Amino acid sequence: LSWDVLFVILFPELKDGMKDELQITKKLRRAINRKFDQLGLITKVDQLKYMSEVFQERTEDGNINSTIESADIVALVCEFVPDLQEIDVEQLLVATNSDTNGKIDWIEFRKLMLGIDGLMAKKINNWF
């Protein structure tokens, strides 16, 4: 029994919200994958490098260890998927921003944009 299934069993009233959120996430990641195709970024390493540059461009100091304001993430997500409603993006942010400080760090950004968790990122970073 997965955590997702257990969550739906325990909180059936949230099932539709979870599904909508998942659809938003899928739409965003499809758009990002189209961008990767346009740029010829085939490997996960190249894709991660590109997204880290996108992240760093939006931080105040250009550092991967910094954070991005939520408003900047909303604008970025809307660049990738212009037809998303701002409220949908904000819901995505609420689900993404684990520490609820209104800022997104690299790990949260990576999970949102690429679906890459810590273990996968470690494996990819070892390829550099």
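Give me the tail of P(r) for the stretch 34-112 as a percent: Cα-Cα pairs with distance above 20 Å. Kindly include the intermediate steps, with their values, before the conclusion.
Details: 1028 of 3081 pairs.
I get 33 percent for the Cα pairs in the stretch 34-112 exceeding 20 Å.
If you count, for each residue, the other Cβ atoms within 10 Å and average over each peptide, how do 48-57, 63-72, 81-90 line up from highest to lowest?
Packing proxy ranking, top to bottom: 48-57, 63-72, 81-90.
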Worksheet item: With respect to the cross-link table entries LYS27/LYS103; LYS26/LYS111; LYS26/LYS49; LYS27/LYS49, which display a Cα-Cα separation exceeding 18 Å?
Response: LYS27/LYS103; LYS26/LYS49; LYS27/LYS49
Worksheet item: Under a plain spin-label model, where a point goes 7 Å from the Cα along Cα-to-Cβ, how far apart in nm are VAL74 and GLU60?
Response: 2.0
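Any read-out appearing in this document is the output of simple, stated calculations on the displayed coordinates, not a laboratory observation. These numbers were taken from a predicted model, which means no experiment stands behind them. Neighbour counts run over all protein chains shown; Cβ positions are idealised from the backbone, glycine included.
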